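Participant: Quick one: the structure is below, questions incoming.
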Amino acid sequence: MKKIPLWRRYARLFGPDPAADVEDELRFHLQAKTDDLIRCGWPPVAARREAERQFGDIRAVQHIGEQLGVKMERRRRFNDYLVECDRDIRYAFRSLRNNPGFAAVAILVLALGIGVNVAVFSVINTLLLRPLPFSDSQSLVWFTGGKSLAAKVRTAAGLSGQTYTVDAYEEFKRNNRSFQAVTAYQTFYRSIQYKLTGTGEPRQLAAVEVADNFLSTLGIQPIMGRDFTREECQKGGRPAALLSYFFWKNQFAGDPAIVGKTVTVNGKLVTIVGVLPASFDFGSVFAPGMKVDIFFPAVMDFWRTWGNTLAVIGRLKPAVSVAQAQDEADRLFPHLKVIHPDWYEDYASDLTTLKDHVSGKLRRSLVVLWFAVGLILLIVCVNLSNLQLSRAATRGKELAMRRALGADRGRLIRQLLTESLVLSLAGAALGLCFAFAIVFYIAHQGSMTLPLLASIRVDGASLGWTLLIALSAGVLFGIAPALKMSGGNLQTALKDNASGMAAGRGHERFRATLVVSEIALACVLLVGAGLLLRSFLRILDVDLGFEPDHAASMQVDLDDGGKFAARGPILQEILRRITALPGVESAGIADMLPLDRNRSWGLSAVGQTGSKDRDSAAFVYLVTPGYIPTLGMHLLAGRDFAWNDTPESPHVVIINEAAARREWPGQNPIGKMANGVEKNPVRVIGVVADIHESSLEADSNPEVYIPMTQNPDAEGATLVVRTHGEPRSLASSVLTTLRSLNPGQPASEFRPLRSLVDRAVSPRRFFVLLVTIFAGLGVLLAALGIYGVISYSVSQKTQEIGVRMALGATAGRVMRNVLGSTLRLTLAGITLGTVASLAVSRLIASLLFSTSPWDAQTFVVMAFALATVAMGSGYFPARRASRVSPMRALRNN
Amino acid sequence: MDKSRLDLFRGTLDVLILKSLIWGPLHGYSITDFIRRLSEDVLLVEEGTLYPALWRLESKKFVEAEWGLSENNRKAKYYRLNHTGRRKLQQESTKWEAYVNAVAKVLGATRRNTPEELA
């Protein structure tokens, strides 16, 4: 074989051509054959024909060859690509290792940005995106009653206005056509005390009563034992209970033979019929912040006379939409009301998916969080673009050399992008660790009233999201520097000492743009956080109407032996003994505390002739004498209850201002008679100042206080103790005192009243904390960006500064110059950011509390803070510039 | 086609091609020529099977292709045996010998040795 001469090597100048190769090869074969035949004496034409005949179907062979050729070519190209990628990655690693400071800063900054993004995504994924932990959870529907009530009335009625009577529930269940199953649970679970005795100390149980088909409708199967039977849910049925997984593990040490054993609850023997799976967390879905120990069957005949107590949940039939079900409910409930004229209301309902009910209210907050971390990631990208560009000066020559040696621009861009991607993936790996830590922390904030909190985790979707944002961040911050660095003039770049005035100036303008946008983004974050923070402070400043500090509460087991007449003396004795304890200022008992749970009854002035739909609901609190001052409420007129308000004496109530305004507008309510609380009218003997009973953010609703000594309908009893010092130290002496009066008093927590307030604000506190941290992070990153750019431009201009100083510029003058350019960038960024904030803050208006979205004070303070940080980060490079020694700067050239 | 000429068994062609390349690069035409001459005109390789077989060997990386000039200065595609091809040839020829021996033993048998008779 001889070598092909040079000129023929250009046959495939325009790239490989497998088809032509095959044709050439076969043509050669035919010619060689023909030559041989001619040598054997064949005439040329016949020889050619004979060669072709012997070959057979040349087309078919050619076809096979082309296919194989194309395949091989493709594989070769792919291999080349892989080899190049491999080389790029190696190269990226090498160049990052040569510059460990840059690599460390870049990876850390990326990890922060990606970490918070992944953490927030995990929260959003759990609360908004992932279905609820029930089988086929999309078809579960939540019923909210009270649709026909005005919005204000509906909130005034609290839980009572949104729940259902047993009759309403059963009638709807029987007559609807949209649902395959309708079920319910008892919402006033915290009103009844369940006391576990017989196993060590008496223990208060967190129990929920559920309808017989509750678990099956949600698709929950006990991991041991069985669901409740229909018989167990009837009046007189055998008492049965299902344990939650955690309670089974903690209280019974995971006893594998627990099913069939009995426990004593409220003095009655109850058989444990099963254990529920760990995945079923009632509290996280229906009652955030609560951990349910045990489930009992709700005996409907027992609850029938208790008014609105049931929360109703339905499972739609296949192919029935929520809108269709809503439509049916809109017709069915009023129809049922016509059939049952004795119903108190028509139970018109709003139907939402259970998912919406659980997390719908959080959607806006979460979207804001998502937006905030998105901004952080943008700032991170801008920062890294800047960092990459500042390496351009040192790498410019190297890249120009590569181009001169034949690398095309696309190849260089690919190489630079590979470097960015390596950085961003490394950042993502570290960021994932951050995210794991953050998510772990969030998921273990048990006292926070956020739904599904414990199930927040970094899962497959979060990992996918990590990869997605890592790749897009890599491209985003890599593409601009790659384009800038790979372009430009080869000659100037290659020439010595061409740290490139022209190219440098272009870069500088680009970098200045980046910094301005960075400051603008940070400004938006900061203003948003500022507004939310201000709202939060305003909420904390709200006058609660009671004094939560130096007071604590404990559940009391009120045992009057079934004789209501005995209750007054028992209560009086408890309070006398408690008040006698050293350190106790005063004490009182109520069935419910503000900001905890609530219920509502009717309250109307005698002689009031309003329409039937008139709002007459009021929150009801049964209290002892002394409770109102102990809680720190202000009695505005009249008197507190006294121990001589007995069942036999005239029945009296105390109302709050809101109730007085509604029922006796412009009159003095003291001495007036009110209907609705009891069978007979009762006399108003006092007016207290409004307290925030259901939320810190909403206005107070009408409240009525009834002496516990005159009304037997107390839903439990909570002792409130006001102390001189820190209440926690009194916990054991209070419990001992209660035990000495009633040995059956279960151990229960001595909760500071402050914790009720903390609980009420916990979702907002959590949200504001996160947004503030994110804003701080954003500002930090922006400061880093400013520092990078200014200090780079100072080092670029060292020579120029040297010349100026040699010509007589003072250090102060030089410093002012540098700070001046910092100020220009900062002002541009803040102006832009303020304009953007004005638009963005409207989106969070609904999350603000008595704060205008254009709150001038917040805007000014935040802009000023940002400007201070920016000038601070410009100060260090400026000082460096002012210390340039003219001699050295000039000589270095 | 002559009756005395044998059709190639499946798979044997690959070994023969590899073998023909062991003294140096050849183009397709000289490979057919080589096989015909060495088998003394018994084995005739059809072009329709040779070229696909060659290309398959190339795509499996047993041989490497290169363009060169033939004896009479025509551009021709030469195939060269590489390291894996050499190893493949070794394996295949051992297998082939074992096969031939086994077939020969069976065909050369003089009496039937069945297990029943042995027992």
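The values are calculated or read from the model by the stated rules, or taken from the named source; none is laboratory data. Model, not experiment: these values are computed from the prediction. Here the Cβ is made from the backbone with ideal geometry for all residues, glycine too, and neighbour counts use every protein chain on show. Remember, those area values only see protein heavy atoms, side chains included, never the ligands or the DNA or RNA. Shrake-Rupley method; radii C 1.70, N 1.55, O 1.52, S 1.80 Å.
Participant: Which residue pairs have Cβ atoms under 7 Å apart, sit 6 or more places apart or on different chains, and have a first residue in the range A:501-520 that is modelled with pLDDT of 90 or more and a second that is open to solvent by 60 Å² or more (accessible area, probe 1.4 Å)?
Facilitator: A:VAL516/A:LEU832; A:ALA520/A:LEU832
Participant: Within the range B:66-77, take every residue that is at the interface with another protein chain (Cβ under 7 Å from one of its Cβ atoms), assigned to a strand (DSSP E or B) and open to solvent by 10 Å² or more (accessible area, probe 1.4 Å) and give me the one that is nearest to B:LYS19 (Cα to Cα).
Facilitator: Only one residue fits best here, namely B:LYS77.
Participant: Moving on to the next point. For the range A:835-892, enumerate the residues that are small (Gly, Ala, Ser), farther than 30 Å from A:ARG813 by Cβ and either open to solvent by less than 20 Å² (accessible area, probe 1.4 Å) or at pLDDT below 90 (or both).
Facilitator: Correct list: A:SER837, A:ALA839, A:SER841, A:ALA845, A:SER846, A:SER850, A:SER852, A:ALA856.
Participant: Could you please give the count of residues in the range A:418-432 that are farther than 18 Å from A:LEU468 by Cβ and open to solvent by 60 Å² or more (accessible area, probe 1.4 Å)?
Facilitator: So the count comes out to 0.
Participant: Against the definition (without any contact (Cβ under 8 Å) to a residue 60 or more places away in the chain, under 20 Å from A:LEU558 (Cβ atoms) and open to solvent by 30 Å² or more (accessible area, probe 1.4 Å)), how does A:THR736 come out, yes or no?
Facilitator: yes
Participant: Something else about it: Restricting attention to helices (runs of 4 or more DSSP H) lying wholly within the range A:80-183, give those where 1 or more residues are in contact with a Ser or Thr (Cβ under 6 Å, 6 or more places away or on another chain).
Facilitator: Where helices (runs of 4 or more DSSP H) fall fully within the range A:80-183 and carry at least 1 residues being in contact with a Ser or Thr (Cβ under 6 Å, 6 or more places away or on another chain), they are A:100-124, A:151-157.
Participant: Checking the condition closer than 23 Å to A:ARG74 by Cβ and either more than 10 Å from chain A (Cβ to nearest Cβ) or assigned to a helix (DSSP H, G or I) (or both), which residue from B:THR84, B:THR94, B:THR49, B:THR32 passes?
Facilitator: Residue meeting the stated conditions: B:THR84.
Participant: Right, another one. Taking the criterion of being out of contact with any Phe, Trp or Tyr (no Cβ under 7 Å at 6 or more places or on another chain) and loosely packed, with under 15 Cβ neighbours inside 10 Å, would at least one residue in the range A:202-213 satisfy it?
Facilitator: Checked against the condition, which is being out of contact with any Phe, Trp or Tyr (no Cβ under 7 Å at 6 or more places or on another chain) and loosely packed, with under 15 Cβ neighbours inside 10 Å, the range A:202-213 yields no hits at all.
Participant: Filter the range A:433-452 for residues that are open to solvent by 10 Å² or more (accessible area, probe 1.4 Å) and assigned to a helix (DSSP H, G or I); which is farthest from A:ALA111 (Cα to Cα)?
Facilitator: A:ALA443
Participant: Going by what's in this entry, would A:LEU82 be described as more than 14 Å from chain B (Cβ to nearest Cβ) and closer than 24 Å to B:TRP55 by Cβ?
Facilitator: Criteria met by A:LEU82.
Participant: Right, something else. Hey, among the residues in the range B:78-100 that are touching a Leu at 6+ places or on another chain (Cβ under 9 Å) and of a type in the set (A, V, I, L, M), which one's surrounded by the fewest Cβ atoms within 10 Å (Cβ to Cβ)?
Facilitator: Among them, the one singled out is B:LEU89.
Participant: Still on this structure, please answer the following. Inspect all residues belonging to the range A:60-71 and state whether any of them is closer than 30 Å to B:LYS61 by Cα and touching a Ser or Thr at 6+ places or on another chain (Cβ under 8 Å).
Facilitator: Looking for residues that are closer than 30 Å to B:LYS61 by Cα and touching a Ser or Thr at 6+ places or on another chain (Cβ under 8 Å), one finds at least one in the range A:60-71, hence yes.
Participant: Is there any pair linking a residue in the range A:236-251 that is in a helix (DSSP H, G or I) to one that is buried (at least 21 other Cβ atoms within 10 Å of the Cβ) and β-branched (Val, Ile, Thr), with Cβ under 7 Å and at least six apart or on different chains, and which?
Facilitator: A:TYR245/A:VAL275; A:PHE247/A:ILE294; A:TRP248/A:VAL275
Participant: Something else: Suppose the filter is open to solvent by less than 10 Å² (accessible area, probe 1.4 Å) and in contact (Cβ under 8 Å) with a residue 12 or more places away in the chain; does A:ALA168 pass it?
Facilitator: The answer is yes for A:ALA168.
Participant: While we're here: Identify the residue in the range A:552-577 that is of a type in the set (Asp, Glu) and open to solvent by less than 80 Å² (accessible area, probe 1.4 Å) and, among all such residues, is nearest to A:ARG754 (Cα to Cα).
Facilitator: Result: A:ASP557.
Participant: Provide a single number: the residues in the range A:25-50 that are open to solvent by 40 Å² or more (accessible area, probe 1.4 Å), more than 17 Å from B:GLU71 (Cβ to Cβ) and among the charged types (D, E, K, R).
Facilitator: 2
Participant: Of A:LEU366, A:LEU362, which residue is assigned to a helix (DSSP H, G or I), closer than 30 Å to A:ASP136 by Cα and open to solvent by less than 20 Å² (accessible area, probe 1.4 Å)?
Facilitator: Exactly one residue qualifies, and that residue is A:LEU366.
Participant: Any chance the range B:92-105 includes a residue that's among the β-branched types (Val, Ile, Thr) and under 22 Å from A:ALA32 (Cα atoms)?
Facilitator: There is no residue in the range B:92-105 that is among the β-branched types (Val, Ile, Thr) and under 22 Å from A:ALA32 (Cα atoms).
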